Amino acid sequence: MKIPFFVQEFTEEMEEAAIHALRNESFVGGESVSKFEEEFARYTGTKYAVSVNSGNSALQLSLMALDIGNKSKVITPTNSFIASANCIRMTNAEPILTDIDMKDGGIDLANNNDVVNAIIPVHIYGNPCNFDSVKLFSEEQNIPIIEDACQAHGAEYRGKKVGSLGDVGCFSFYPTKNMTVGGDGGMTTTDNEEIALKIKSIRDNGRKTKNEFDKLGFTMRLNTVNAAIGRVQLRHLDEKTARRREIATIYRKNLAHDCILPENKDGKSVYHQIVIKHEKRDDIRKELTDNEIGSAIYYETPIHKQPIYEEFGYRLPNSERFSKEIMSLPSYPQLTDEQALEICECVNRVIG
Ligand SMILES: Cc1ncc(COP(=O)(O)O)c(C=O)c1O
């Protein structure tokens, strides 16, 4: 590919931090872990951050810390990565999948009458969801909000960072995300000390003290070396987000029609994905591929259409149509202005 869809970043600074941690700290539970947690909490504007080994674990442990489990129902949108729903089933709770807003692919709760025990809104593509409607829904039912901010490190809603809006925020550091840890990793954020302590315990086999275990738990900790790399990545997150925003602006200005999904008017997207929605989606992708330019579709199959969800028999027409018209253009900070303009020219040959 002349312009790949994604490039993995590995800098000297990341390498030095990793080697320093491996040489000087315990491989598990080293001081880089607590430092990364403190810095991430400060960045997000929450009192606590507890690191884990993936975004999926962050979601699952958050639900468990909130005592969501057997006989609980949890609502989440169908246009997301499957982990947003699987985490619910992994706790033995029932997932209630909901349809999306055709405008931006985010959760749509209008006319939703489901009675549930928790809600997992997703800040999909790095764009904050319509949190006012989520908050209203949660207040009406008196239920906790677990934000799936796995794609939205640093995004803001009404001036507050995502991950600080609900009861718990969940982040992923999978290599394609806006920041990584050089492997799998995740983070939970909260202002609630009890929840933070419970997540800390469940990520460590349900440990209460060194030799006492008072609940069931997993081994879901973040390794020290990954935390050390995460600290470097966090330091550069804002400058990389600024570049993603510039790239989105180049696309918006130079595409024949602005078919990029809109940013939440009350928030700031971090453009994890720059998504266009167009009925000629497949032709656009073909033109890009023919010109050796990478693209991708998030998500080709809404969660409710995945084989493991078919048994529930959902029909969610917005997301089914949406998934046929969307595609993502390269959005990584290393993309040059010239490359972004070349991508626009290529897309314009189809839509212009
Ligand atoms: C919206 C969303 N939720 C959850 C996850 C799960 O994160 P992880 O892959 O780190 O388990 C991801 C990332 O892949 C995601 O994009």
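What tally of residues in region 199-223 results from selecting those that are farther than 30 Å from SER331 by Cβ and in contact with a strand residue (DSSP E or B) (Cβ under 9 Å, 6 or more places away or on another chain)? Count: 15. Going through (1) within 16 Å of the ligand (Cβ to nearest atom); (2) surrounded by 19 or more Cβ atoms within 10 Å (Cβ to Cβ); (3) not in a loop (DSSP other than H, G, I, E, B) one by one, GLY105 falls short only on (3). Scan region 171-179 and tell me whether some residue there is hydroxyl-bearing (Ser, Thr, Tyr) and either in contact with a strand residue (DSSP E or B) (Cβ under 7 Å, 6 or more places away or on another chain) or not assigned by TED's automatic domain parsing to the domain that holds ILE88 (or both). Yes, region 171-179 contains at least one residue that is hydroxyl-bearing (Ser, Thr, Tyr) and either in contact with a strand residue (DSSP E or B) (Cβ under 7 Å, 6 or more places away or on another chain) or not assigned by TED's automatic domain parsing to the domain that holds ILE88 (or both). Considering region 8-57 alone, what residues qualify as being free of Cβ contacts under 8 Å to residues at least 24 places away in the same chain and hydrophobic (A, V, I, L, M, F, W, C)? Hit for region 8-57 is ILE19, nothing else.
Determine whether LYS177 is of a type outside the set (Asp, Glu) and under 17 Å from ILE146 (Cβ atoms). Here the answer is no, as LYS177 does not meet what is asked.
The C-beta contact set for region 71-87 (first residue under 15 Å from ILE145 (Cβ atoms), second residue hydroxyl-bearing (Ser, Thr, Tyr) and more than 10 Å from the ligand (Cβ to nearest atom), distance under 6 angstrom, 6+ apart or interchain) comprises ILE75/THR98; PRO77/THR98.
Of the residues making up region 53-73, those that are under 26 Å from GLU239 (Cβ atoms) and out of contact with any Asp or Glu (no Cβ under 6 Å at 6 or more places or on another chain) are GLY55, ALA58.
Picking from residues in region 262-277 that are of a type outside the set (A, V, I, L, M) and part of a strand (DSSP E or B), the one that is farthest from LEU165 (Cα to Cα) is LYS277. For ILE351, the criteria (1) of a type in the set (A, V, I, L, M); (2) in contact with a His (Cβ under 9 Å, 6 or more places away or on another chain); (3) under 15 Å from THR78 (Cβ atoms) hold in every case but one, which is (3).
For region 180-196, residues that are farther than 15 Å from MET220 by Cβ and more than 12 Å from the ligand (Cβ to nearest atom) total 8. Does region 87-94 contain any residue that is near the ligand (Cβ under 10 Å from one of its atoms), under 17 Å from the mean Cα position of the chain (by Cα) and open to solvent by less than 50 Å² (accessible area, probe 1.4 Å)? Checked region 87-94: at least one residue is near the ligand (Cβ under 10 Å from one of its atoms), under 17 Å from the mean Cα position of the chain (by Cα) and open to solvent by less than 50 Å² (accessible area, probe 1.4 Å). Considering TYR251, TYR299, TYR309, the condition of being assigned to a loop (DSSP other than H, G, I, E, B) and open to solvent by less than 50 Å² (accessible area, probe 1.4 Å) is satisfied by TYR299 alone. Candidates are the residues of region 149-160 that are open to solvent by less than 10 Å² (accessible area, probe 1.4 Å) and within 10 Å of the ligand (Cβ to nearest atom); the one that is nearest to MET179 (Cα to Cα) is ALA152.
Taking region 167-232 as the region of interest, the strands (runs of 3 or more DSSP E) fully inside it that hold 2 or more residues being open to solvent by 70 Å² or more (accessible area, probe 1.4 Å) are 207-209. Return yes or no: is ILE284 at pLDDT 95 or above, touching a strand residue (DSSP E or B) at 6+ places or on another chain (Cβ under 9 Å), assigned to a helix (DSSP H, G or I) and open to solvent by less than 10 Å² (accessible area, probe 1.4 Å)? Yes. The residues of region 108-128 that are surrounded by 17 or more Cβ atoms within 10 Å (Cβ to Cβ), away from the ligand (no atom under 11 Å from the Cβ) and assigned to a loop (DSSP other than H, G, I, E, B), listed by number, are ASP108, LEU109, VAL116, ASN117, ASN127, PRO128.
Screening region 41-70 for residues that are in contact with a Lys or Arg (Cβ under 8 Å, 6 or more places away or on another chain) and farther than 12 Å from SER172 by Cβ and picking the one that is surrounded by the fewest Cβ atoms within 10 Å (Cβ to Cβ) gives GLY45.
The values are calculated or read from the model by the stated rules, or taken from the named source; none is laboratory data. Since the structure is predicted, the reported quantities are computational estimates derived from the model, not experimental observations. Heads up, the Cβs are rebuilt from the backbone with ideal geometry, glycines too, and the neighbour counts pull from every protein chain shown. Protein only, heavy atoms only, side chains kept; ligands, DNA and RNA dropped before computing areas. Shrake-Rupley method; radii C 1.70, N 1.55, O 1.52, S 1.80 Å.
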